[in-house]
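Here is the structure we will look at, set down as structure tokens.
The values are calculated or read from the model by the stated rules, or taken from the named source; none is laboratory data. Note that the structure is predicted; figures quoted are calculated from it, not measured. Counting neighbours? That spans all protein chains shown, and the Cβs are built from the backbone with ideal geometry, glycine included.
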């Protein structure tokens, strides 16, 4: 089946029901354009001025050096504060051999308000980039389901599944297969593997093996084992956890399950979960009554329901969680750091 060449343009298409999808395309190979139904979703208002192609920048690199770029934005309206927050997925690549991009809109026999499904794959160095809150996430493959918009809302939420893997265009839809991507002659093959979902937040890099974001609760979950490192001229930090959770509504990144942080300066901290914010240079360690948060350096040991960790200064102090206790062993010697501070009678000032 012949496929038409896409124009070099930034295309904003109005999806069915008013959902806005932004797609940037450049230097598409005429032998491998998006699959059937992907270039213009149904009910596109092309004649009403809603779609305005923008010419590519003529001053940019020569055509042979330009990268293909395709993007899609999910919009989540928080039930807590009513604000819209965006999840942006971008694919950039210089060769069709390293990845594909396709949007598969509802097919014959499906409801007009069925979601669109987009496939982003890129095995090159840049990968597929997903931006969620403070986190920039790189993966080889992402499959995105964009739901129809809610009444009165521009843009819409959906689901993202991302991991290692590949995708390709098929010459024709496989016989006997009725799933959406097969009907659009697109094949996506996820292959989750450790250290292939790479999360960057400030100076911190975290690695996991699979990301799933779902609009049902607005949380992106990255399966582990998770490893991470934080660069620093004074005191680099490494660590691990079972998984990562990024709450879009709360704008919080949390390491969950058997969290351990180790600094080159000799501090080891453990907790059931850790809220991590590299942009503010702080981590909050949360324990349980059975397993308090703990931070040890030399002869100093601090245990509490909540420990606040200043990442830049490698210092900690305790906050008493409701129903919890604070204990510590502090040795006044060269082994002790003097930086583990038990709770004061008043609420301590955060770093």
By residue number, the members of region 149-172 that are crowded, with 20+ Cβ neighbours inside 10 Å and not in a strand (DSSP E or B) are 149, 155, 156, 157, 164
Which members of region 214-229 meet the condition of being within 25 Å of residue 315 (Cα to Cα) and modelled with pLDDT under 95? 228
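Quick one: would you say residue 237 is within 22 Å of residue 271 (Cβ to Cβ), surrounded by 21 or more Cβ atoms within 10 Å (Cβ to Cβ), assigned by TED's automatic domain parsing to the domain that holds residue 270 and in contact with a strand residue (DSSP E or B) (Cβ under 6 Å, 6 or more places away or on another chain)?
On the way: within 22 Å of residue 271 (Cβ to Cβ): yes; surrounded by 21 or more Cβ atoms within 10 Å (Cβ to Cβ): yes; assigned by TED's automatic domain parsing to the domain that holds residue 270: yes; in contact with a strand residue (DSSP E or B) (Cβ under 6 Å, 6 or more places away or on another chain): yes.
Yes: the conditions hold for residue 237.
Collect the residues in region 173-202 that are under 28 Å from residue 238 (Cα atoms), assigned to a loop (DSSP other than H, G, I, E, B) and in contact with a helix residue (DSSP H, G or I) (Cβ under 6 Å, 6 or more places away or on another chain), keeping them in residue-number order. Walk me through how you get there before you give the answer.
First, pick out the residues of region 173-202 that are under 28 Å from residue 238 (Cα atoms): 191-202.
Next, only the ones that are assigned to a loop (DSSP other than H, G, I, E, B) stay: 191-196, 202.
Result: 202, single match.
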Can you go through 229, 177, 191, 207 and tell me which one is closer than 29 Å to residue 282 by Cα, more than 16 Å from the chain's Cα centre (by Cα) and either surrounded by fewer than 17 Cβ atoms within 10 Å (Cβ to Cβ) or free of Cβ contacts under 8 Å to residues at least 24 places away in the same chain (or both)? 229
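Could you tell me whether region 175-184 includes any residue that is within 18 Å of residue 73 (Cα to Cα) and at pLDDT 95 or above?
Of region 175-184, the ones within 18 Å of residue 73 (Cα to Cα) are none.
There is no residue in region 175-184 that is within 18 Å of residue 73 (Cα to Cα) and at pLDDT 95 or above.
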What is the number of the single condition among (1) at positive phi; (2) over 17 Å from the mean Cα position of the chain (by Cα) that residue 127 does not meet? (2)
When you go through (1) touching a residue at least 24 places away in the same chain (Cβ under 8 Å); (2) part of a loop (DSSP other than H, G, I, E, B); (3) under 18 Å from residue 145 (Cβ atoms) one by one for residue 220, which number turns out not to apply? (2)
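Taking the condition of being assigned to a loop (DSSP other than H, G, I, E, B) and either out of contact with any strand residue (DSSP E or B) (no Cβ under 6 Å at 6 or more places or on another chain) or farther than 30 Å from residue 280 by Cβ (or both), how many residues in region 134-148 meet it? Quick ask: steps written out before the conclusion?
In the first step, residues of region 134-148 are kept if they are assigned to a loop (DSSP other than H, G, I, E, B); the result is 134, 140, 147-148.
The next check asks that each one be either out of contact with any strand residue (DSSP E or B) (no Cβ under 6 Å at 6 or more places or on another chain) or farther than 30 Å from residue 280 by Cβ (or both); those that pass are 140, 147-148.
Of the residues in region 134-148, 3 are assigned to a loop (DSSP other than H, G, I, E, B) and either out of contact with any strand residue (DSSP E or B) (no Cβ under 6 Å at 6 or more places or on another chain) or farther than 30 Å from residue 280 by Cβ (or both).
Closer than 26 Å to residue 169 by Cβ and assigned to a helix (DSSP H, G or I): which single residue out of 114, 102, 118, 97 fits that description? Spell out the reasoning first.
Values: 114 fails: assigned to a helix (DSSP H, G or I); 102 fails: assigned to a helix (DSSP H, G or I); 118 fails: assigned to a helix (DSSP H, G or I).
Only one candidate passes the filter, namely 97.
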Residue count, region 232-248 (criterion: touching a residue at least 24 places away in the same chain (Cβ under 8 Å), under 16 Å from residue 309 (Cα atoms) and in a strand (DSSP E or B)): 2
Any chance residue 107 is in contact (Cβ under 8 Å) with a residue 40 or more places away in the chain and assigned to a loop (DSSP other than H, G, I, E, B): yes
